[in-house]
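Have a look at the structure below before the remarks.
The values are calculated or read from the model by the stated rules, or taken from the named source; none is laboratory data. Because the structure is a prediction, the values reported are computed rather than measured. Please note: Cβ atoms are built from the backbone with ideal geometry, for glycine as well, and neighbour counts cover all protein chains shown.
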Amino acid sequence: MTAGATPTKNDPKPLASGQLATSVGTLYTAPAGERGCRLTGILLVNDTTTNVTVTLYHVASGASPGDNNIICKALTVPADGAAILVPGSDRMILTASQTIQGLASAATQATYHLYGIEMAA
């Protein structure tokens with residue numbers, strides 16, 4: 001987007017941020033009234049002195065997280081480190097109401113940041 005331009009629904013933006021719990025929770029839900037979302041990046045940060053593992057899922061509306069919709073399973077985020085996940089060349093597409101869900105091996109030890117483009121209807 002050029003300087004001074006008005007943002008639109010199709011501009012890249014931060015989608016969600018927070019800390020992962022030790023049980024699966026929803027991190028982001030693609031808007032129901034839109035064409036979906038193109039997930040362009042996932043940043044996982046660990047600002048503690050011990051490693052943490054993170055598991056993330058791409059879950060269809062009405063489905064449950066499981067091995068059939070894993071993005072990463074028990075990915076180690078090193079102590080005082082980060083992991084950056086950039087989905088494939090076409091990026092990851094979430095249709096309306098699909099979710100990104102996840103958990104960590106230790107509560108409040110892994111911070112997530114999701115980036116993408118919500119596609120206007």
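Looking at Thr53, Thr99 in this structure, which one is over 14 Å from Leu39 (Cα atoms), surrounded by 13 or more Cβ atoms within 10 Å (Cβ to Cβ) and of a type outside the set (A, V, I, L, M)? Residue meeting the stated conditions: Thr53.
Right, Val59: surrounded by fewer than 16 Cβ atoms within 10 Å (Cβ to Cβ) and either in contact (Cβ under 8 Å) with a residue 40 or more places away in the chain or under 14 Å from Gly41 (Cβ atoms) (or both) or not? Answer is no for this residue. Annotation: of all residues in region 36-64 being not small (Gly, Ala, Ser) and not in a strand (DSSP E or B), the one that is nearest to Thr111 (Cα to Cα) is Asp47.
To keep it simple, each residue is scored yes or no on (1) modelled with pLDDT of 95 or more; (2) under 14 Å from Tyr28 (Cβ atoms); (3) in contact with a Cys (Cβ under 7 Å, 6 or more places away or on another chain).
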position: Thr55; (1), (2), (3): yes, no, yes
position: Ala79; (1), (2), (3): yes, no, no
position: Gly88; (1), (2), (3): no, no, no
position: Ile93; (1), (2), (3): no, yes, no
position: Ala96; (1), (2), (3): no, yes, no
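Checking each residue in region 77-121 for being part of a loop (DSSP other than H, G, I, E, B) and aliphatic (A, V, I, L, M) picks out Ala79, Val86, Ala96, Ala106, Ala107, Ala110, Ala120, Ala121.
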